[in-house]
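K.L.:
Dumping the structure here so I can ask a few things about it.
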Amino acid sequence: MTRYPDALLLADTAATWPRFKSAVPRASVVHVSGHALLDENNPWQSQLVFAPMRARDEVRTTPDSLAALDLHRVDLVVLSACESARESAGRAAALLGFSAALLHAGARGVIGGLWRIDDEDTRAFMRRLHESYRASHDGAAALREAQLAFLRSENADLRSPSMWAGFKYVGRGN
């Protein structure tokens, strides 16, 4: 189920780093749903996990590898992964990590996770986020609209900050 015409879906064993790396420069919206491993002491060594090419071992990609991509056509990257937008302490923290790497590579905006979030809970939020983004083409506005929609929900579980406050936008305005 994709929300974008002509979208390329890389799922399960097809979600390899080489396939991602070759497809992402042609995209305008990139959504990565998976696992991120934050290294608080050295954020540049944090890792996004991709599927293996042949072996059983997972492939882990650092922000350095992301920064080397050409993302100048990419308007928005959504990292639906735990702690993918969390920064470590220190004055240079905002210059390190996944968001900074993706912006350095040319992406106009990045939405990422601030803490560990349940996969099922995140799925509904991501649907709303992408509906909002398709209407506005503004990553910050789409995130805000999705957060407000959950905050105002009749469902008490969706109103919980653990559901809607776990993501942030970093990037340039439209």
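Where a number appears in this text, it was derived from the coordinates with a stated rule and is not lab data. None of the values given here were measured: they were computed from a predicted structure. Positions of Cβ are backbone-derived with ideal geometry, glycine not excepted, and every protein chain shown enters the neighbour counts.
K.L.:
Obtain the nm distance between the two label points defined at residue 119 and residue 11 by a simple spin-label model: each point lies 7 Å from its Cα along the Cα-to-C-beta direction.
P.N.:
Placing both labels 7 Å beyond Cα along the Cβ direction yields 1.2 nm.
K.L.:
Say we join alpha carbon atoms closer than 10 Å with springs in a Gaussian network model of the chain; which of 64, 118, 75 then has the biggest fluctuation?
P.N.:
118
K.L.:
Quick one: grab the alpha carbon gyration tensor of the range 117-169, order the square roots of its eigenvalues as a ≥ b ≥ c, and give me rounded if a/c is under 1.5, else prolate or oblate depending on whether a/b is larger than b/c. Don't jump to the answer; show the numbers that get you there.
P.N.:
Numbers: a/c = 1.81, a/b = 1.56, b/c = 1.16.
The shape class here is prolate.
K.L.:
Relative contact order (percent) for the range 121-174, with alpha-carbon contacts under 8 angstrom and 6 or more residues of separation? List each step's numbers first, then the result.
P.N.:
Working: 47 pairs, mean separation 17.6, N = 54.
Answer for the range 121-174 is 33 percent.
K.L.:
Among 37, 114, 148, determine the one that fluctuates most according to a GNM of the chain built with springs between C-alpha atoms less than 10 Å apart.
P.N.:
Comparing 37, 114, 148 in the GNM, the peak value goes to 148.
K.L.:
Let me ask something else. Compute the angle between helix 139-151 and the longest alpha-carbon principal axis of the chain, please, reported from 0 to 90 degrees and rounded to the nearest 10.
P.N.:
So the inclination is approximately 50 degrees.
K.L.:
About its Cα centre, what dipole magnitude does the range 117-169 give when the only charges are +1 on Lys and Arg Cβ and -1 on Asp and Glu Cβ, stated in debye to the nearest 20? All intermediate terms of the calculation are to be shown ahead of the outcome.
P.N.:
On the way: 8 positive and 9 negative charges, 46 e Å.
For this selection, approximately 220 debye.
K.L.:
Remind me, relative contact order of the chain in percent, using alpha carbon pairs under 8 angstrom and six or more residues apart? Could the numbers behind the result be given before it?
P.N.:
On the way: 325 pairs, mean separation 32.4, N = 174.
Once normalised by length, the contact order is 19 percent.
K.L.:
Check each of the trypsin sites (Lys or Arg not before Pro) in the range 120-174 and keep only those in coil by DSSP with at most 11 other C-beta atoms within 10 angstrom; list them in order. Kindly include the intermediate steps, with their values, before the conclusion.
P.N.:
Working: sites: 123, 127, 128, 134, 144, 152, 159, 168, 172; in loops: 152, 172.
Sites meeting the loop and neighbour criteria: 152, 172.
K.L.:
Where does the charge balance sit around residue 160 when Lys and Arg score +1, Asp and Glu -1, over other residues with C-beta under 12 Å from its C-beta? Before the final figure, lay out the partial values.
P.N.:
Values: positive: 159; negative: 118, 121, 157.
Counting the neighbours of residue 160, the net charge comes to -2.
K.L.:
Now, a different point. Using a 10 angstrom cutoff on alpha carbons, build the Gaussian network for the chain and name the most mobile of 22, 65, 132.
P.N.:
22
K.L.:
Something else: For each of 111, 117, count neighbouring Cβ atoms within 10 Å of the residue's Cβ, then give the residues from fewest to most. If you can, show how the numbers build up before the last one.
P.N.:
On the way: 111 26, 117 19.
Lowest count first: 117, 111.
K.L.:
Still on this model: How much length, in nm to one decimal, is gained on full extension between residue 131 and residue 68, taken as 0.36 nm per residue of separation minus their Cα-Cα distance? It would help to have the intermediate numbers written out before the result.
P.N.:
Working: separation 63, 0.36 × 63 = 22.68 nm, distance 2.97 nm.
Gain on stretching residue 131 to residue 68: 19.7 nm.
K.L.:
Still on this structure, please answer the following. To check you understand DSSP bridge types, tell me what percent of the beta bridges within the chain (both residues inside) are antiparallel, rounded to 5.
P.N.:
55
K.L.:
Net charge around residue 74, counting only other residues with Cβ within less than 14 Å of its Cβ (Lys, Arg = +1; Asp, Glu = -1)? The partial results should precede the final answer.
P.N.:
On the way: positive: 21, 26, 73, 108, 172; negative: 70, 75.
Net charge around residue 74: +3.
K.L.:
Follow-up. When a/c reaches 1.5 or more, the comparison of a/b and b/c decides; with that in mind, is the chain rounded, prolate or oblate per its Cα gyration tensor?
P.N.:
Details: a/c = 1.40, a/b = 1.26, b/c = 1.11.
The shape class here is rounded.
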